[in-house]
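The values are calculated or read from the model by the stated rules, or taken from the named source; none is laboratory data. The model shown is predicted, which means the values in this text are computed figures rather than measured ones. Methodologically, a virtual Cβ is constructed for each residue, glycine included, from the backbone with ideal geometry; neighbour enumeration extends over all protein chains shown. Remember, those area values only see protein heavy atoms, side chains included, never the ligands or the DNA or RNA. Shrake-Rupley method; radii C 1.70, N 1.55, O 1.52, S 1.80 Å.
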Amino acid sequence: MAKTPPTRASDPAAATTSDTHPHRYTARMANEIEARWQAHWIEHATFTAPGPGDAGFDAARPKLYCLDMFPYPSGVGLHVGHPLGYIATDIYCRYKRMRGFNVLHPIGFDAFGLPAEQFAVEHGVHPRETTQRNIDTMVRQLKALGLSYDWSRELATTEPEYYRWTQWIFLQLYDSWFDAGRNMARPISELIETLRARGTWDDLGDAERADLLDEHRLAYMAEVPVNWCPALGTVLANEEVTNEGRSDRGNHPVYKRPLRQWMLRITAYADRLADDLEFVDWPEPVKTMQRNWIGRSEGAMVDFPVDGLDETIQVFTTRPDTLFGATYMVLAPEHPLVERLTTEQQRASIDHYRQQARSRSDVERMTEAGGGEKTGVATGSCAVNPATGERIPIWIADYVLMGYGTGAIMAVPAHDLRDWVFARRFDLPMRTVVEPPAGYEPSKEEHELSYSDGGQTVLPYPGEGISVNSANDEISLDGLAGREATRTITGWLEAGGRGRFKIQYKLRDWLFSRQRYWGEPFPILHGPDGRTVAVLERDLPVTLPDMEDFAPASSDDPEAPPRPPLARAPDAWKYVERDGVRYERELNTMPQWAGSCWYYLRFTDVRNAERCAGVLPERYWMGERGVDLYVGGVEHAVLHLLYARFWHKVLYDLGHVSTIEPFGRLFNQGYIQAYAYRDARGVVVESGEVVDEHGAAAADVQDRPGAQFFHDGKPVRREYGKMGKSLKNSVSPDEICGEYGCDTLRLYEMYMGPLEASKPWSTRDIIGPFRFLARAWRLAVNEQTGELSLRDDASDDVERQLHRTIARVGADIERLAFNTAIAALIEFVNAATASGGLTRDQLERFVLVLSPLAPHIAEELWSKLGHDSSLAYHPWPAYDESLITEARIELPVQIGGKVRGRITVPADADAAQIEQAALADDTVRAALAGRTVRKVVVVPGKIVNIVAT
RNA sequence: GCCGGAGUGGCGGAAUCGGCAGACGCGCCGGACUCAAAAUCCGGUGCCCGCAAGGGCGUGUGGGUUCGAGUCCCACCUCCGGCACCA
């Protein structure tokens, strides 16, 4: 955490109550007011939201379910970037309560996860303890911001009462299959009936039956390649693997190896996850990212027989129309056929290449695939192009990934840029089979890839066009356009059993096991026969066993079997006897996503011991469109939101929830960024300790051009990025609350800019919102006596501006534009101050309009105005439209697009009247002297533009 | 590499539907108050030319559409986010 920057003497907030103005709004007063009202709200349970069946529930009111994305309780507490979204939703919820909504606004903690476990391994403290401590810190910090959560609904994913239902949902997945005909999940018991009806059940033995069912489950086990680090005894994320193929932590070797893991069949829902995006009100970029992630593409699966072996290589291609141009094939180095395809001559180089590829990260492989050098090795074998009958060489190269499609491609170098680069490098043949349309202009990239052959420039052409050179004895594509050619060749492949039409997704099934301790145990038992059975529902939850040592077992042997921490759990936990058979529990745990996949459901009925959420509360709060407003960072655009939608759809199919989508409206808040500084060695230094060449704190002079920065007397380089621990540029909300009060912090964070934009933190600017609150206070309260200072007669101008302010602030809060709402309030206070103050009635309305944004000072003024209960549920003030609209308005008159005059006309004047007034205006006539008016464009209420020559 | 986003004064930003670019705040400059300073209050502040009146330029760069472009279209540059085991 950053050190408190030195307080400047000029800080009015830092001044304690002055002798001359004993009742001035200072940080000390703000802190006193804030502590008092925060205690009041808790004591009176002001923001506890009753649901259906609870006392005080009013079913007649509309509901609003407003949710912040689940926070992880980090060890260092909050920095000022975290609460940005929380403050926004708090303002919105406070406003909606005043508008008469039943508001569900809960908070909880996504408390399983890696950091607590790693801390535990390093420091020997049980993750349960650190997690609890971190939650306590965060709750304290959140409460200190005056956030109006319903604290009675607080939960953590680590509570057995919660993860009992996470396990229960996993069992729903385990006990279901996807009925492709009905496009929905159904209980596995119904699969038996379906199979029996099809005649593929009764003849089978028990083992075969069990296998058949397991193959269909939405939760199933499979071998998948992972980044295995034997020294750490665990699987690593791509980001934890360095470019050199070693572990980020400890620099140990990492190997790609297949591991038997739990998988969830999210691919079955690919179409629904893509199609149902149509029904949600989400930012369009997020929908696009999800669609791209799902990556639906149509094409063909084509079988290439291997020459001289009884094998075929399956490839997926989106461009079957270019099949005649496939002049070689490329397999991923991990492809299972590589072993058989490698000739003795090539054995050594293939083995060497595969060894190398094994220790390269996927990200690096993808990055090099485009710009950098392509690498690859020939297997020595050939396949047969089914269209041309030609023998084509088979290579392996790491630009082909095992995870996409079939892990093999047909290479069409003339019409695919990556294949082109590869073919040029290794001198492989090319054949042009598609002609670009007339007038086609090659892109810059295509030009760069071109080469000269006997004076002729040869270019790749990756687009669609007219097929050429594409005929054999049975079929010809020549002369056909792309789509027609695709249809024709696909039909020919199908007829000859050489391939078929195929919809392919980029989306892969969800790898759901982790070799970790601090996660939900699977409710699964492994029998001596190697089969799995589910833990009985009445035996849930399967609680995490208490352990002293939860470090994974490390080894030097890359082939050593993984031993997750739970392998060392007491036997009493590990082994379960049922019907005389001894079962071993599943020793992996679930990923952190699991708990965050359904927490929004639990919040609707958080203490229910019978169900994951009661029917009535779920129906009421999830209503027609699920969560009405879901606010969080765009970093969750794909994974969390896709996983949660998937679980929700399964629960919907099985009848446990009432909406097809969980989150009706999504909003992404931006990041708070800040300057960070690195010393000569490249080490990040504490931003709060950096000064400029005059010794002034860096935060005070950060935008001065040419400033130089020093840490500990040595020059440092400045950079800019997301606030956080890694850049040591965090600013704690505790610090800012202490120095200015949390109402000021709330206003500042909202005033910085649009909620959705990322923006730089500037401690220097906080004084602005503080001054605004001090002026608002001064407008209402006599700084000498502490009494209200009110006037008796209302100024018409102030009254009109108050109506405008009420209208603007309300509309701005509705569209989450808090920065402009605050600007409107500032303008009002400045105008009211200049005009000499407010009447009691005006002050009351102003306080109400201020209250969602700065609730503590508003409650304090409200009570000074003589109210003895909170204003949290007081109706939002009304405004009179007729007082807002002006009778006469000023319009700019442009000549040739430049403003040359202004006219004042009645607000409802029509185009003809406005044109007449414009042409009659003296300045306009002077500017037009000697010119001919060609055209007059009038936009009533906006502008006049005269075109003259 | 692939996918997504953003570039407006010294700084954060405003301009909601193609219609007066720079609301509001920070900073800075000047004034009032004060023995003095802070706080507070009042005024000024896009850049260039000009004593002024006034004029010219101006929303990352280059083109285009339009009576009119920060906003729409094309190309480019720079920065930021995600990429499946960080959450």
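Numbers below:
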| quantity | calculated |
| --- | --- |
| Förster radius 25 Å - calculated FRET efficiency between A:Ala887 and A:Ala920, Cβ distance, rounded to 0.05 | 0.80 |
| Cα-based Rg of segment A:75-129 normalised by 2.2 N^0.38 Å, two decimals | 1.68 |
| Chain A, dipole about Cα centre (Lys/Arg Cβ +1, Asp/Glu Cβ -1), debye to the nearest 20 | 1560 |
| Where A:Trp41, A:Trp151 fall by accessible area, highest first, once all protein chains stay in place (1.4 Å) | A:Trp151, A:Trp41 |
| Chain A: relative contact order as a whole-number percent, Cα under 8 Å and 6+ apart | 15 |
| Label-point separation, A:Glu43 to A:Thr457 (7 Å along Cα→Cβ), nm | 8.2 |
| Most to least accessible of A:Asp679, A:Asp539 (protein chains only, probe 1.4 Å) | A:Asp539, A:Asp679 |
| Kirkwood estimate for segment A:762-831, i.e. one over the average of 1/r between Cα atoms, Å | 13.6 |
| Bins of 5 Å, starting at 0 and running to the largest distance - Cα pair percent for segment A:458-585 | 2, 8, 11, 12, 10, 7, 4, 4, 4, 7, 9, 9, 7, 4, 1 |
| Length-normalised contact order of segment A:616-699 in % [C-alpha pairs under 8 Å, at least 6 apart] | 30 |
| Approximate spin-label separation A:Glu284-A:Glu122, in nm, with each point projected 7 Å along Cα-to-Cβ | 4.5 |
| Fully extended contour minus Cα-Cα distance, from A:Asp796 to A:His526, at 0.36 nm per residue | 89.2 nm |
| Cα-Cα separations in segment A:702-808 greater than 17 Å, expressed as whole percent | 72 |
| Sequence of A:Asp549, A:Asp796, A:Asp868 from largest to smallest accessible area, 1.4 Å probe | A:Asp868, A:Asp796, A:Asp549 |
| Span-like helix ranges in chain A, DSSP H, alpha carbon extent 18 angstrom or more, Kyte mean at least 0.5 | A:818-835 |
| Phi-based couplings in Hz for segment A:300-317 (Karplus 6.51, -1.76, 1.60; Gly and Pro marked x) | 9, 8, 10, 9, 10, x, 8, 5, x, 10, 8, 9, 10, 9, 8, 10, 9, 9 |
| Kirkwood-Stokes translational diffusion coefficient of segment A:107-217, alpha-carbon pairs, 20 °C, 1.002 mPa s, µm²/s | 119 |
| All-pairs alpha carbon distance profile, segment A:614-726, 10 Å steps from 0, percent | 12, 29, 15, 13, 15, 13, 2 |
| Ratio of Rg to Rh over segment A:560-646 (Cα coordinates, Kirkwood Rh, two decimals) | 1.13 |
| Estimated Rh, segment A:804-902: Kirkwood, alpha-carbon pairs, angstrom | 15.6 |
| 19 Å Cα-Cα threshold exceeded, pairs from A:Lys898/A:Lys942; A:Lys63/A:Lys96; A:Lys287/A:Lys649; A:Lys287/A:Lys506; A:Lys287/A:Lys759 | A:Lys287/A:Lys759 |
| Simple label model, 7 Å out from Cα along Cβ direction - A:Arg775 to A:Glu154, nm | 3.8 |
| Helix-only mean residue ellipticity at 222 nm for chain A, each DSSP H run of n ≥ 4 adding -39500 (n - 2.57), per residue, nearest 500 | -10000 deg cm²/dmol |
| Lys, Arg +1 and Asp, Glu -1 on Cβ, resulting dipole of segment A:113-196 about Cα centre, debye, nearest 20 | 160 |
| Dipole-positive endmost among A:Ala929, A:Val433, A:His694 within chain A (Cβ charges, Cα centre) | A:Ala929 |
| Cβ charges +1 (Lys, Arg) and -1 (Asp, Glu), total dipole of segment A:860-949, debye | 820 |
| Dipole-positive endmost among A:Ser555, A:Leu480, A:Leu566 within segment A:445-580 (Cβ charges, Cα centre) | A:Leu566 |
| Estimated FRET transfer efficiency (A:Ala911, A:Glu474; beta-carbon r; R0 51 Å; 0.05) | 0.15 |
| Modelled FRET efficiency - R0 35 Å, A:Asp880 with A:Glu787, Cβ distances, 0.05 increments | 0.70 |
| Within segment A:271-313, backbone nitrogen closer than 11 Å to the virtual label 7 Å beyond the Cα of A:Arg500 toward Cβ | A:301 |
| Compactness relative to 2.2 N^0.38 Å, alpha carbon Rg of chain A | 1.14 |
| Accessible area of A:Glu584 in the full protein assembly, 1.4 Å probe (Å², nearest 10) | 60 |
| Surface accessible to a 1.4 Å probe, A:Glu783 within the full protein complex, Å² | 20 |
| Exposure of A:Val685 as accessible area (Å², to 10), given a probe of 1.4 Å and all protein chains | 10 |
